[in-house]
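Here the structure comes first, spelled out in structure tokens, and everything after it is commentary.
The values are calculated or read from the model by the stated rules, or taken from the named source; none is laboratory data. Everything numeric in this text was worked out from a predicted model, so none of it was measured. Don't worry about glycine lacking a Cβ; one is built from the backbone with ideal geometry, like all the others, and counts go over all protein chains shown.
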Amino acid sequence: MAAPLTTAAAPMAVSALPEQLTMHVAAKVLDQLSQTLAQQSAQTVVLDAQSLRVFDSSAVAVLLELRRRLVSRGKTLQLAHSPTRLQQLVTLYGVGELLPG
């Protein structure tokens, strides 16, 4: 699920969000991503949302919790390839500065 990348600026770890992230699977996805990200030594974690197709506001909650866990370890979270609707939810909830993408 995760593939480490290295850039001149800083090492990054990239992990992908699943196709579905709704309240019915949010806890499972959070646990899986938390375990995957805990194994990464990179300072910046990039979550690729390109595959995300079916989601609700639980996706925002999962992303915020992942960010909180990473920040507590001195790491940062970035989103990549966010669907427009996810960007709209992030904006609606006023957390765009917490979930850069």
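The table below gives the values:
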{"item": "Top-ranked residue in the stretch 60-101 [being more than 16 Å from Asp31 (Cα to Cα) and of a type in the set (Gly, Ala, Ser); ranked as modelled with the lowest pLDDT]", "result": "Gly101"}
{"item": "Residue tally, condition more than 19 Å from Arg53 (Cα to Cα) and surrounded by 11 or more Cβ atoms within 10 Å (Cβ to Cβ), over the stretch 73-91", "result": "4"}
{"item": "In the stretch 50-59, the residues that are surrounded by 17 or more Cβ atoms within 10 Å (Cβ to Cβ) and either farther than 25 Å from Pro11 by Cα or at pLDDT below 95 (or both)", "result": "Phe55, Ser58, Ala59"}
{"item": "Check on Gln32, exposed (fewer than 15 other Cβ atoms within 10 Å of the Cβ) and farther than 22 Å from Tyr93 by Cβ", "result": "yes"}
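Here's the yes/no breakdown for (1) part of a loop (DSSP other than H, G, I, E, B); (2) without any contact (Cβ under 8 Å) to a residue 12 or more places away in the chain; (3) touching a helix residue (DSSP H, G or I) at 6+ places or on another chain (Cβ under 7 Å); (4) under 15 Å from Leu21 (Cα atoms):
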| residue | (1), (2), (3), (4) |
| --- | --- |
| Val45 | no, no, yes, no |
| Ser58 | no, no, yes, yes |
| Val71 | no, yes, no, no |
| Leu77 | no, no, yes, no |
| Glu97 | yes, yes, no, no |
